[in-house]
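Okay, so here's the structure we're looking at.
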Amino acid sequence: MKKWEANIRKVTPYVPGEQPKRLDVIKLNTNENPYPPSPKVTEALRRMTAEPMRKYPDPEARQLVEAIAREEGVRPEQIFVGVGSDDVLAMIFLTFFNSKKPVLFPDITYSFYDVWADMLRIPYEQQPLNDAFEIECSDYEKENGGVIFPNPNAPTGALLGLSAIEDILVHNQDVIVVVDEAYIDFGGMTCTGLLDKYENLIVVKTFSKSRSMAGMRIGYAIAGEELIGYLNDVKYSFNSYTMNQAAILLGTAAAEDHAYFEETRQKIIATREQAKKELAALGFSFADSQANFLFVTHKEVSAAELFAALKEQGIYVRYFKKPRIDNYLRITIGTDQEMERLYAFLRGYLEKR
Ligand code: PMP
């Protein structure tokens, strides 16, 4: 070993879902929205010119922050924006999880949490989901250095109700509690209504799913002014200009088109409810997802086999080769037409076996 190797921060990185080069793929593997961004985003894009790119963007991304604040019904001082919610969450881990006590999160959850914790040397303890793949609130009543979970959870899609979330908050008033609401617009109730009551709560949301803008990389945190202030201090100690001008302008246009947001999220909810019926009829079982994906297992055929057969057919879904979930597939809800292709293939495949 070379001497300098001892001083390298060696990490096991997060592995994102595949972004295939082929264009003829039915892409149900990374929870993107199958519908395009709002037409207002396209209009704003047409109006954009290159000239302002000469200058640095507004470090406060004030225009975007104000549009999000209006949409969320909070003050702009309660919003922190970042390059996707991954950036926001990484900043949150860095800013708020500095205890020697372990941060708590589920064993089956967004697989970036343990990566950030390992990278930043934050101790953590994963709490097992119950057999129905639900969070047990009582697991979060022990001493800890912070709590984080997605709601609905990923990759299960299972939703915690507001009273369960409040129960976790009541038992964790001395630490920061982060609720990652990446998928909340597809059926759940946001817990932002609890922000006034619990000053240690941070809610994280993203434009990647319900606003169809994964490629633009916009995410945000909503919390009390004090916590947002700490997040900004860390951000400005790291990189002042996280949000580029295009993200600020186009994100603002998306945030201002509430009608389109409502229309597309309702379409996805309807397709998901239909998918539950179709997949159940084909012999799959799953938690009652309130997200834009279903986490399914088949009574006879292994997930690994189905994953390979679907991929061969150009239908990409997500398969995690991990303890407890290695016989499950996470299927993103696409358009009705895409889902029909999925059902038709599965019907044929399962019949032929
Ligand atoms: N949280 C959860 C639970 C997710 O599944 C994702 C998407 N991979 C993210 C956060 C991050 O999404 P983004 O960085 O695109 O906002």
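The values are calculated or read from the model by the stated rules, or taken from the named source; none is laboratory data. From a predicted model like this one, the values you see are computed outputs, not experimental measurements. FYI the Cβ positions are ideal-geometry reconstructions off the backbone, even for glycines, and counts take in every protein chain you see.
So that you can scan it fast, the table gives a plain yes or no per residue for (1) within 18 Å of the chain's Cα centre (by Cα); (2) buried (at least 19 other Cβ atoms within 10 Å of the Cβ); (3) assigned to a strand (DSSP E or B):
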residue	(1), (2), (3)
ILE168	no, yes, no
THR190	yes, no, no
LYS209	yes, yes, no
GLY215	yes, no, no
ILE228	no, yes, no
Q: Looking only at segment 28-51, count how many residues are surrounded by fewer than 21 Cβ atoms within 10 Å (Cβ to Cβ) and away from the ligand (no atom under 14 Å from the Cβ).
A: 14
(Q) Within segment 1-16, does at least one residue satisfy the condition of being farther than 27 Å from ALA291 by Cβ, out of contact with any Pro (no Cβ under 8 Å at 6 or more places or on another chain), part of a loop (DSSP other than H, G, I, E, B) and β-branched (Val, Ile, Thr)? (A) yes
Q: Being β-branched (Val, Ile, Thr) and either part of a loop (DSSP other than H, G, I, E, B) or over 26 Å from ASN232 (Cβ atoms) (or both) is the filter here, so list the residues in segment 42-78 that pass it.
A: THR42, THR49, VAL74
Q: Answer yes or no: is there a residue in segment 117-131 that is touching a strand residue (DSSP E or B) at 6+ places or on another chain (Cβ under 9 Å), among the basic types (Lys, Arg) and modelled with pLDDT of 95 or more.
A: no
Q | Members of segment 82-104 that are in a strand (DSSP E or B) and either within 9 Å of the ligand (Cβ to nearest atom) or surrounded by fewer than 24 Cβ atoms within 10 Å (Cβ to Cβ) (or both) | A | GLY82
Q. Is there any pair with a first residue in segment 178-205 that is closer than 17 Å to ARG75 by Cα and in contact (Cβ under 8 Å) with a residue 24 or more places away in the chain and a second that is among the basic types (Lys, Arg) and within 13 Å of the ligand (Cβ to nearest atom) whose Cβ atoms are under 9 Å apart and which are 6 or more apart or on different chains, and what are they?
A. THR192/LYS205
